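Reviewing the structure listed below.
Throughout, read-outs are computed from the coordinates displayed, never taken from laboratory work. Here the structure is a predicted model, which means the values were calculated and not measured. We place every Cβ from the backbone using ideal geometry, glycine too, and count neighbours over all the protein chains shown.
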Amino acid sequence: MSTGSLRRRVALVALPLLIIALAGSAAVVTLRYRHGLEQDLRDRLLAGAKAINGASADQTKLVMSALALQGIDTQLSADPNPVATLLKPHGPTPEVSMTGQLLVVRLPLDRPPAPGATVATLSASRASVNSAVRRLVVIQIAVALAAVAIAALLLLRGLRSALRPLQHVGAVAARIAGGAHDERLRPDRPETELGRMASAFDHMVDELEESIGRARRSESAMRRFLADASHELRTPIAALQASAETLLREQPDRPERDELEARVAGDAARLGRLVGDLLDLARLEANEQLARERVDVGSVAVRAVAEAAGHLPGTAVDVDSDDGAIVLGDADALSRALRNLVDNAIAAAGRSGRVWVRVERDGANVLASVEDDGPGVPAADRERIFEGFVRLEPVRGPGAGLGLAIARRVAREHGGDLTYAGGGRGGRFVLRLPGAAALLAGP
Ligand SMILES: Nc1ncnc2c1ncn2[C@@H]1O[C@H](COP(=O)(O)OP(=O)(O)OP(=O)(O)O)[C@@H](O)[C@H]1O
Ligand SMILES: [Mg+2]
């Protein structure tokens, strides 16, 4: 950005323009003034010649001396070409000519005042015109210099006050940078050029504040997540280590050995599952591309229910699906999300409880709802449970609290969402996904 002095730049443009305008108007005035003076001199010569024409000898002398007082020299002489004068249809006409500095009017006389005086020649010097014009030019130069000086002064003062808002912008920016984050320009007239600039500045600072806030929040969420993850990883690792050390150190006999080996296998499986979940979440957070294939959500739900029910038998699970509930997406990721919802619902409902899984088409969307007749989720926890490692009391089963976080990310990566809907018989989660037809039709 070029940041030369604005005052200098404006002055450098405005003052030459003023000088050009003054010089132009001075030239026009001078030319008109000179023309007027010359016209005036010529009129006086012509008037003198006309006064002589037809006058008597005495009157002619009087006129000549009056003209002499005005600086007009008069000479009477014989006409070298009397025939040409006589032939003129409208009588004698004056001839005006310029010889050097002299303006000359020559008029053949109708009635000569003296013998041999048939032509009057009146002449006057143009020196007076020139000196009057010179005086005018000097005055004009003096006035122009004064005008330029006053204009420069006013311009600099005007620019100083016009640029004051920019100085204010600089000062406010410096205060914001110094920590006064609430400072804003708040223009009183946002429709003017400076007002628009000030509004844009305020908007920019608001946006920066907002994104700094978001970055801070996500950084502290990430720190929390890392602390929780390390804690969750440390527990099975410590258990694994303890069991392995006991096995090595004490070399116990069966059945204690079997029990310890089973514990090692269980802890290793738990650890593997946790690391797998963390990896899945990290990949989703890193916006790693999911597959984009046609997925029948109904079939995925039926499979998820079959797997979950086989894993945790006892709970009655109803599945019901509309035909053609097709989305474009990643079958594995969607199956994982639904499986977690069904696992959670079965865990919440318990062995004697019931779970209802319903997949339906809703306009351009596909909705998969998983409902159970368990205790449901208290209102205060309905958002919190979607954060990583959040598990509510009483803690059921061996999970780490990552299932809902992963499922929501999967939903959002597909352009949909996962929310707790409540209002049902117990817990109720709804997975909303944009249908394939809507996606293929495009925006
Ligand atoms: N249907 C439900 N009814 C009541 N509470 C639920 C229900 N589903 C989830 N929750 C609560 O939300 C918590 C978080 O669920 P989430 O699926 O994220 O983790 P998890 O099931 O505990 O472990 P993971 O899924 O990682 O194996 C659960 O521990 C449970 O307290
Ligand atoms: Mg779960």
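Things to note:
- Once you divide the Cα radius of gyration of the chain by 2.2 N^0.38 Å, the number left is 2.40.
- Computed 3J(HN,Hα) for the range 243-249, one whole-Hz value per residue from the Karplus formula 6.51 cos²θ - 1.76 cosθ + 1.60 where θ = phi - 60°, is 4, 5, 5, 4, 4, 6, 6, glycine and proline marked x.
- HN-Hα J in Hz across the range 323-340 - Karplus 6.51, -1.76, 1.60, θ = phi - 60°, x for Gly and Pro: 6, x, 7, 9, 10, 9, x, 9, 4, 5, 5, 5, 5, 4, 5, 5, 4, 5
- Helix-derived mean residue ellipticity, 222 nm - over the chain, DSSP H n ≥ 4, -39500 (n - 2.57), to 500: -20500 deg cm²/dmol
- Rounded to 10°, Cα long-axis angle of helix 6-52 versus longest principal axis of the chain: 20
- Distant alpha-carbon pairs in the range 1-68 (separation over 16 angstrom), percent: 69
- Global geometry of the range 193-282, whether rounded, prolate or oblate, following the gyration tensor of its Cα atoms and the 1.5 cut on a/c: prolate
- For the range 6-149, diffusion coefficient by Stokes-Einstein and Kirkwood Rh (Cα), 20 °C, 1.002 mPa s, µm²/s: 118
- For 250, 360, the sequence from fewest to most other C-beta atoms within 10 Å is 250, 360.
- By the count of neighbouring beta-carbon atoms within 10 Å, fewest first, 150, 19, 385 end up ordered 150, 19, 385.
- Between the helical axis of 57-69 and the longest alpha-carbon principal axis of the chain there is an angle of about 40 degrees.
- Averaging 1/r across all pairs of distinct Cα atoms in the range 272-337 and inverting the result yields a Kirkwood radius of 13.6 Å.
- The long axis of helix 297-311 is offset from the longest Cα principal axis of the chain by roughly 30 degrees.
- Candidates 167, 101, 289, ranked by Gaussian network fluctuation over the chain, Cα under 10 Å, top entry: 101
- For a label point 7 Å along the Cα-to-beta-carbon line of residue 204, residues of the range 1-40 with backbone N under 20 Å: 1-7
- Debye log10 I(q)/I(0) at q = 0.18 Å⁻¹ for the range 291-441, Cα point scatterers: -1.02
- Whole-Hz couplings from phi, Karplus 6.51/-1.76/1.60, listed for the range 267-279; x for Gly and Pro: 5, 5, 5, 4, 5, x, 5, 5, 5, x, 4, 4, 4
- The residues packed around residue 229, meaning those with a beta-carbon under 12 Å from its beta-carbon, carry a net charge of 0 if Lys and Arg are +1 and Asp and Glu are -1.
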